[in-house]
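Before any comments, here is the structure.
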Amino acid sequence: MQSELAMVGYVPNHEQTGEALMEIRGITFLYPVAMAALTVGLMLFYPITESKYAMIIADLKKRHQNDSV
């Protein structure tokens, strides 16, 4: 985390500039929000219906039985 803060102009033990404070806010808030939005977008395009879920569970059970033999 220290290297990321150095890239935005953070200087330890000094009063921070307005630009550095905005960049720090970006690192701690805006980037996580952007990643969460990207995750939600990906989830919307990967639908799991009841039938697909049942197929996945059946496949996993079959694999588990084959591995334990």
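The values are calculated or read from the model by the stated rules, or taken from the named source; none is laboratory data. These figures come from a predicted structure and were not determined experimentally. Neighbour counts run over all protein chains shown; Cβ positions are idealised from the backbone, glycine included. With ligands, DNA and RNA removed, areas are computed over all heavy atoms of the protein, side chains included. Shrake-Rupley method; radii C 1.70, N 1.55, O 1.52, S 1.80 Å.
Some observations on this one:
- Gln65 paired with Leu38, simple spin-label distance in nm, labels 7 Å along Cα-to-beta-carbon: 4.1 nm
- Solvent-accessible area, 1.4 Å probe, carbon plus sulfur percent, for the chain: 66 percent
- At a probe radius of 1.4 angstrom, the accessible area of the chain per residue rounds to 91 square angstrom.
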